Amino acid sequence: MSSTLMYFLGFSMIYILMAWSIYLPYRVKHLHFLTVATMAVTSYMGGILAVNFGWSFVPTLLLSIVIGALISYLISHTIGNAPTFTVVIVGITFVFIIKTVIENTDYLGGTIGLFGIPMLDHPLIFLLVFLLVVGYFLYRIEHSRIGRAASVIFTDEDLAKSMGIKPKQIGMLFQTISGGIAGSAGVFYAFFVGSLFPDFFTFHLIGTLMTILFIGGYTTMWGVIPAALILRGIPMILPSSIASWRLLIYGVLLVAIIAIKPKGLITKNMLWKLLKKR
Amino acid sequence: MEFFIAQVLNGLSLGSIYVLLVTGFNLMLLVAKIIQFAYPQFVVISMYATWAVLRATNNVILAILVTIVVSIALNLLSEPIFRRITSIKGTDINATFVASIGLSMVLVEIMSHSFNQGFPISFSDSWVGGSVFRYGIINISRSSIFAWVGGIIVVVAFFYLLYRTMVGRSFRAIAENLYVAKLFGIPIFKTSMMSYLIAGLLGGFIALLLSMLIGTASPWLGESVALKVLAVSIVAGLGNLKGGLFVGLALGVVESFAIGYVAGSWSNVIAFVIMLIVILTKPKGLFGAAVE
Amino acid sequence: MNNNETTFLNMNNVNVFYDSIQALKNVSLEVAKGEFVVLIGANGAGKSTLLKSILNIQAPKGSINFKGKELTKLNTDKIVANGISIIPEGHLIFNSMSVLENLQLGAYHGKKNEQSIENILEYFPILRERKEQTAGTLSGGEQQMLSIGRGLLSDPELILVDEPSLGLAPKIVNDIFNILVKLNNIGYTILLSEQNAKKSLEIADRAYVLETGNIVMEGKADDLLNNEEIKDAYFGGNI
Ligand SMILES: Nc1ncnc2c1ncn2[C@@H]1O[C@H](COP(=O)(O)OP(=O)(O)OP(=O)(O)O)[C@@H](O)[C@H]1O
Ligand SMILES: [Mg+2]
């Protein structure tokens, strides 16, 4: 397999993981960017454990899921049912703080970066299996009582409360799961790329993930898959002079989709119709 | 003591800028009903305009005019996009936030690709101005005075507008209840346009004051400023204009002390940590949110 | 009735939809200048919807003509500027603002001078006493007075009044009905929506009866007052 294709598929799958970690809490209107900070934390944690303590991949991955979920769980006590923008600002603030901490900590490589993380032998297989597991898990949540409760909260929180649904519980649950997914994405990223830079975990990443989520569509978990593949893929086939405008293109697409088709390209209704036809 | 006074004075000049920024941001939130995350980006682009005119002509009056015109134009030009988004059935204010992040990404990329090869720009000493008063380590620069005086004048003028004129009353009416405002016959579209216009005018002033006060700008300045503005608005209570005045000034002072006591880039984090603690303990803000 | 001189407000085959629910069905209605017309109907009959459609608050399909101008394509503020104001159901005012500010906002399209507000305060002495009070803290009756007062300040020729008696004590209801009669006597045209059929038919010139979005009856108020069907259907609890 060509290395370009391998990078493309690997990155896409990591972005799908991250997009799912943002998708799930957005089911109850939480744009949970804390996941980006979490990804930074677990990728550096994974890198340090591997480089300095000789940890292998699987235990690092398991630990990172626990740590990621724990971070989100602790914070979710206060923002489990906070208004959307409170959740947003808490997340972005954490991203900013974590980035500054990394940049100013020599042990983590500072602004120069952390190198020499052992790469996985078969990253794509690991990623694919993991993605299927996470996907199945999300699918089960979607089609459970909790998933339907979330839909009610999304359209009308007061109605949800009157039906006996507890928005905070569901918000906390989704944020926690989302943290776990982001934690895993961090370790996959570290072991896939082999080197880490604080600059990766910034507004760029937030913007890219938002673009994937909203272009793909936030009403079903499947939308982010083609969106991640296409949005990661297009810059790879464009000449580098145009590809360097990648974020500009994302920005334009983000504005356009919200103004034209705010639910995204792939919606739940659309998938239903497709299923019925067959 | 001297050190303390010096930090407070510095903090107040930076704080005035935050106050103006959050006021413009809140105005659009209350009247146009949007979360304009790209508003600080418009300010930064206007700073680039100041810089470009000064470099090309060295004409101060022209630079001031162009800055204000650019700022107003950017805000007015964004209006149809946001109007389109808010008029779609079933979308809420979150959609305007997402779109303004997209807009923000576009603007950052344009600045980093097109101006000064993406390097930060710096303003000439004559624009920034020197010190006008010195006592020990207390150093009052011309730009600080501009920031204080400008800040006070603009805030007073803004609140005069808000409480003593028909436009201002209509702003508050729409902020309180859009439906009732409609029943009263208040022109929603025209008043909303006015809020973009005034936010644009305000943005122009901010660009001028900020370029003098910090003397530089970069394509990434807007991102951290936008983050602070949103944070200030939330800490004060989203859309709470009066609360924004207090928290904006407080942020300036806190940052100034952080810079005084803590080394280098760590100082930037202090203010964020404090705001984070406040938000986590009071998710709806210190003074109560004016919008949900 | 149909000649141009008397045609003031003219609704022709108006339909209004809330998404898929049709709330008004082919409604045609006329109000002549200086008339006092009442619209009666049960809960959910579509009275509020009809009034809202005139101001294009709920978009109407069909034609609504006021003094020769087509209203359906105009925004609400333009319609108010053309001389129609609405005193909405549930006395909707700006609760956090003072009484005076509410009046000033009511005058957005009117003569924005002290005198016109002074006239209103003259007319509603309770409001003068409470000029600086926050409107949200007024009693229900006072809020209704404020709502009427500000509705007059946009210099309307036609006033749409939506169930002013809702939730108020009989004494206050009488006061408000008296005010409406006085306003009609000094030249304001009034289209009133009411569930209190008897009382409103006693003061109106003409009436329309709405049932599930259809106009099922129209005529002189006196005639309807003595109509057996109307008596049975609408006078039950109100006598
Ligand atoms: N915003 C809305 N969305 C959906 N349906 C509505 C809406 N407003 C009114 N309706 C429906 O339209 C119909 C007419 O309502 P309307 O408020 O005009 O009745 P009404 O005659 O004023 O009743 P009431 O005497 O209770 O005020 C009702 O069936 C109502 O449920
Ligand atoms: Mg009604």
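The values are calculated or read from the model by the stated rules, or taken from the named source; none is laboratory data. Since the model is a prediction, treat every value here as computed from it, not as a measurement. Every residue, glycine as well, gets a Cβ built from its backbone with ideal geometry; the counts of neighbours run over all protein chains shown. Remember, those area values only see protein heavy atoms, side chains included, never the ligands or the DNA or RNA. Shrake-Rupley method; radii C 1.70, N 1.55, O 1.52, S 1.80 Å.
When the Cα gyration tensor is reduced to axis lengths a ≥ b ≥ c, the ratio a/c is 1.5 or higher for the stretch A:173-278, and with a/b not above b/c it is classed as oblate. Alpha carbon centre of the stretch A:48-65 versus the stretch B:177-229: separation in Å? So the separation of the two Cα centres works out to 47 Å. Extension gain, C:Lys182 to C:Ser28, is 52.7 nm, computed as 0.36 nm per intervening residue step minus the present C-alpha separation. Ligands, DNA and RNA excluded, the heavy atoms of C:Glu194 present near 0 Å² of accessible surface to a 1.4 Å solvent probe. Considering helices alone, the calculated mean residue ellipticity of chain A at 222 nm is -25000 deg cm²/dmol, with DSSP H runs of length four and up weighted by -39500 (n - 2.57) and normalised per residue. Ellipsoid fit via the Cα gyration tensor, the protein assembly as shown: semi-axes of 55, 35, 23 Å, each the root of five times an eigenvalue, largest first. Under 8 Å for C-alpha pairs, at least 6 residues apart: give me the relative contact order for chain B, rounded to a whole percent. Relative contact order, chain B: 36 percent.
The GluC sites (Glu not before Pro) of the stretch C:1-67 meeting both criteria, a DSSP state outside H, G, I, E and B (loop) and at most 13 other C-beta atoms within 10 angstrom of the site's C-beta, are C:Glu5. Ranked by the mean number of other Cβ atoms within 10 Å of their residues, highest first, the peptides B:22-28, A:9-15 come out as B:22-28, A:9-15.
In the assembled protein chains, B:Thr281 presents an accessible area of approximately 100 Å² (probe radius 1.4 Å). When chain C is described by a simple charge dipole with +1 on each Lys and Arg Cβ and -1 on each Asp and Glu Cβ, the residue from C:Ala204, C:Leu121, C:Asn82 located farthest towards its positive end is C:Asn82. Under a model in which nothing but the beta-carbon of Lys, Arg (+1) and Asp, Glu (-1) is charged, the stretch C:87-155 shows a dipole of about 80 debye around its Cα centre.
Note on chain B: with charges restricted to the Cβ of Lys and Arg (+1) and Asp and Glu (-1), its dipole about the Cα centre is near 720 debye. For the protein assembly as shown, the per residue solvent-accessible surface stands at 41 Å², with DNA, RNA and ligands left out and a 1.4 Å probe.
Please label the shape of the stretch C:111-178 as rounded, prolate or oblate, based on the square roots a ≥ b ≥ c of the eigenvalues of the alpha-carbon gyration tensor (a/c under 1.5 means rounded; beyond that, a/b larger than b/c means prolate, else oblate). It is oblate, given that a/c is not under 1.5 and a/b is not larger than b/c. Among the residues of A:254-267, the average count of other protein chain beta-carbon atoms within 10 Å of the residue beta-carbon is 5.
What separates the Cα centres of the stretch A:241-257 and the stretch C:168-223 is a distance of 61 Å. Taking N as the residue count of the stretch A:90-238, its C-alpha radius of gyration divided by 2.2 N^0.38 Å amounts to 1.23.
Summarising the amide proton neighbourhood of C:Met97: residues at separation of 5 or more, or on other chains, whose placed amide H is nearer than 5 Å comprise C:Ala135, C:Gly136. Taking the Cα atoms of chain C, the ratio Rg/Rh between the radius of gyration and the Kirkwood radius comes to 0.95.
For the peptide B:270-276, the mean number of other protein chain Cβ atoms found within 10 angstrom of a residue's Cβ is 3. When the solvent-accessible area of the protein assembly as shown is split by element, carbon and sulfur atoms take up 63 percent of it, the probe being 1.4 Å.
Entry note: the stretch A:4-66 has Rg to Rh equal to 1.05, where both radii use alpha-carbon atoms and Rh is the Kirkwood radius. Using a cut-off of 20 Å between alpha-carbon atoms, which aspartates and glutamates can reach C:Lys199, once sequence neighbours fewer than 8 places away in the same chain are excluded? Qualifying aspartates and glutamates at Cα under 20 Å: C:Glu35, C:Glu89, C:Asp162, C:Glu163, C:Asp175, C:Glu211, C:Glu218, C:Asp222, C:Asp223, C:Glu228, C:Glu229, C:Asp232. Each 5 Å bin from zero up to the one holding the largest Cα-Cα distance in the stretch A:45-112 carries the following percent of pairs: 4, 14, 16, 19, 20, 15, 9, 3, 0.
Within the set C:Lys33/C:Lys198; B:Lys89/C:Lys25; A:Lys168/B:Lys284; C:Lys78/C:Lys171, which residue pairs have Cα atoms separated by over 26 Å? Too far apart for the 26 Å limit: C:Lys78/C:Lys171. Dividing the mean sequence gap of close Cα pairs (under 8 Å, 6+ apart) by how many residues the stretch C:110-198 holds gives a relative contact order of 30 percent.
Please label the shape of the stretch A:212-260 as rounded, prolate or oblate, based on the square roots a ≥ b ≥ c of the eigenvalues of the alpha-carbon gyration tensor (a/c under 1.5 means rounded; beyond that, a/b larger than b/c means prolate, else oblate). Judged from the Cα gyration tensor, the stretch A:212-260 comes out oblate (a/c at least 1.5, b/c at or above a/b). Its relative contact order, with pairs defined as Cα atoms under 8 Å and 6+ residues apart, puts chain C at 26 percent. Take the accessible area of A alone and of B alone, subtract that of the pair with a 1.4 Å probe, and the total buried over both chains is about 3700 Å².
Which of A:Leu138, A:Ile98, A:Phe8 sits closest to the plus end of the dipole of the stretch A:3-201, meaning its Cα is farthest towards the positive end, when Lys and Arg get +1 and Asp and Glu get -1 on the C-beta? Towards the positive end, the residue furthest out is A:Leu138. Here's the list of aspartates and glutamates a cross-link from C:Lys112 could span, going by alpha-carbon distance under 15 Å and ignoring same-chain residues fewer than 8 apart: C:Glu101, C:Asp155.
Taking the centroid of alpha carbons for each part, the stretch A:194-218 and the stretch C:88-152 are 53 Å apart.
A straight Cα-to-Cα reach below 20 Å connects A:Lys273 with the lysines A:Lys261, A:Lys263, residues fewer than 8 places away in its own chain not being considered.
Residues within the reach of a label modelled at A:Leu271 (point 7 angstrom out along Cα to beta-carbon, backbone nitrogen below 20 Å), restricted to the stretch A:1-15, are A:12-15. Report the per residue volume, in Å³, of the convex hull enclosing the C-alpha atoms of the stretch A:3-201. Taking only Cα atoms, the stretch A:3-201 has a hull volume of 110 Å³ per residue.
Counting Cβ atoms of other protein chains within 10 Å of each Cβ in B:74-84 and taking the mean gives 1. Three principal axis extents describe the C-alpha atoms of chain B; from largest down they are 60, 45, 35 Å.
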